Amino acid sequence: MEKQRLDKIIASTGRFSRREVKNLARQGRVLVDGVPARSAEEKADPETARITVNGETLTYRRYTWVMLNKPAGYLSATEDGRGATVLDLLPQDLRRQGLFPVGRLDKDTEGLLLLTNEGGLAHDLLSPRHHVDKVYYARVAGRLTEEDCRAFAQGITLEDGLACMPAGLEILSAGQESEAHVTLREGKFHQVKRMLASRGKPVTYLERVRMGNLTLDESLPRGKYRFLTPEEVECLRKF
Ligand code: URA
């Protein structure tokens, strides 16, 4: 692989920022194949060089995957003149890596959003052909019924004639306001809201809690992100 600057390679692992790498290199604490680097600008082949920082050997990953617990108020885009995007929740070092959101959540929807710079896998995860379930927690106005569940299972046709694939509706509580888990295999614009609105139960709150075999990390505060582990990325590849 083409050689890259050490600060770029090390920052891409998420363990240290470029600024930290600069300081650590000055102190002789960044080693390339056992030899202290002269500066953070020195270049190395990220796939073959053994890079240690503060005695810790780093594992280079070609692509970056992060899980974000999206808060309401952010757009699922890389740039948008209309307001803050989910990229604004990531540090500069990560933004520089060309990350983009894997699919979209509405501005007011919260929860699990993956961001990556691995286009191929991101595309596959979103394709309905690959049957990756997306699970949402929804609160709606009105009482959800077994009839709603049957309609979801059969496949709802929206008011504009758009036919949705069969979907799951699991009622968690039913009353004047109800709660449910909705499972989709596709991701049409405002789909959960439109499906529930077509049953006369408008959504009052929506959160994505699972995508494929990846569940929103409960220890991840709203607005914060973490890197996916290599095992989690491998799991995504096996969807
Ligand atoms: N369905 C919606 O209606 N909104 C989302 O953000 C995601 C799925």
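The values are calculated or read from the model by the stated rules, or taken from the named source; none is laboratory data. All values reported here derive from a predicted model rather than from experimental measurement. Methodologically, a virtual Cβ is constructed for each residue, glycine included, from the backbone with ideal geometry; neighbour enumeration extends over all protein chains shown. Accessible surface is based on the protein model in full, side chains and every heavy atom, while ligands, DNA and RNA are left aside. Shrake-Rupley method; radii C 1.70, N 1.55, O 1.52, S 1.80 Å.
Note on K22 and D133: the extension gain reaches 35.7 nm, defined as 0.36 nm multiplied by sequence separation minus the Cα-Cα distance. Among beta bridges from DSSP that stay inside segment 61-220, the antiparallel ones total about 90%.
Kindly provide log₁₀ I(q)/I(0) values, in the same order as q = 0.21, 0.22 Å⁻¹, from the Debye equation applied to equal alpha-carbon scatterers of segment 81-208. Cα-only, vacuum Debye calculation for segment 81-208: -1.22, -1.29. Starting from the Cα-Cα distance between Y63 and L220, subtract it from 0.36 nm times their residue separation and give me the gain in nm to one decimal. Between Y63 and L220, full extension yields an extra 54.4 nm. Note on the chain: with neighbouring protein chains present and a 1.4 Å probe, carbon and sulfur make up 47 percent of its accessible heavy-atom surface.
Of the listed residues Y137, Y225, the order by accessible area with a 1.4 Å probe, largest first, is Y225, Y137.
With the whole protein complex present, T48 retains an accessible surface near 110 Å², based on a 1.4 Å probe. Each of M1, M67 has its accessible area taken with a 1.4 Å probe; listed largest first, they run M1, M67. Listed by chain and number, the aspartates and glutamates whose alpha-carbon sits under 16 Å from that of K3, ignoring those within fewer than 8 places in the same chain, are D33, E41, E42, D45, E47. For G142, the amide hydrogen comes within under 5 Å of the amide hydrogens of E177, S178, counting only partners 5 or more places away or on other chains and with H modelled in the peptide plane.
Under a 5 Å amide H cut-off, with hydrogens placed 1.01 Å from N, Y205 pairs with R139 among residues at least 5 apart or on other chains. With all protein chains in place and ligands, DNA and RNA left out, the 1.4 Å accessible area ranks F100, F16, F152 as F100, F16, F152, largest first. E56 contributes an accessible area of around 60 Å² to the protein surface, as traced by a 1.4 Å probe with all chains present.
Derived scalar couplings between HN and Hα for segment 53-65 equal 10, 6, x, 9, 7, 8, 9, 7, 10, 4, 10, 10, 10 Hz in order, rounded to whole Hz, by the Karplus curve 6.51 cos²θ - 1.76 cosθ + 1.60 (θ = phi - 60°), x for Gly and Pro. Taking a ≥ b ≥ c as the square roots of the eigenvalues of the alpha carbon gyration tensor, segment 88-145 is oblate, as a/c is not under 1.5 and a/b does not beat b/c. Applying the criteria of a DSSP loop state and at most 13 other Cβ atoms within 10 Å to the trypsin sites (Lys or Arg not before Pro) of segment 82-129 yields R82, R96. Database remark: amide H of C164 closer than 5 angstrom to the amide H of I156, T157, L158 (H placed geometrically; neighbours at sequence offset of 5 or more, or on other chains; Pro and chain starts carry no H).
The relative contact order of segment 26-164, computed from alpha carbon pairs under 8 Å that lie at least 6 residues apart in sequence, is 17 percent.
Applying both filters, DSSP loop and at most 12 other Cβ atoms within 10 Å, to the GluC sites (Glu not before Pro) of segment 156-221 gives E159, E218. Solvent exposure of the chain, expressed per residue, is 52 Å² of accessible area, with all protein chains present and a 1.4 angstrom probe.
Of Y205, Y136, Y74, which is the most mobile in a GNM of the chain whose springs link Cα atoms less than 10 angstrom apart? For the chain, modelled as a Gaussian network with Cα springs under 10 Å, the answer is Y205. In this model, which of K107/K201; K134/K201; K8/K70; K134/K188 are farther than 22 Å apart at the alpha-carbon? The pairs that break the limit, which is 22 Å between Cα atoms, are K8/K70.
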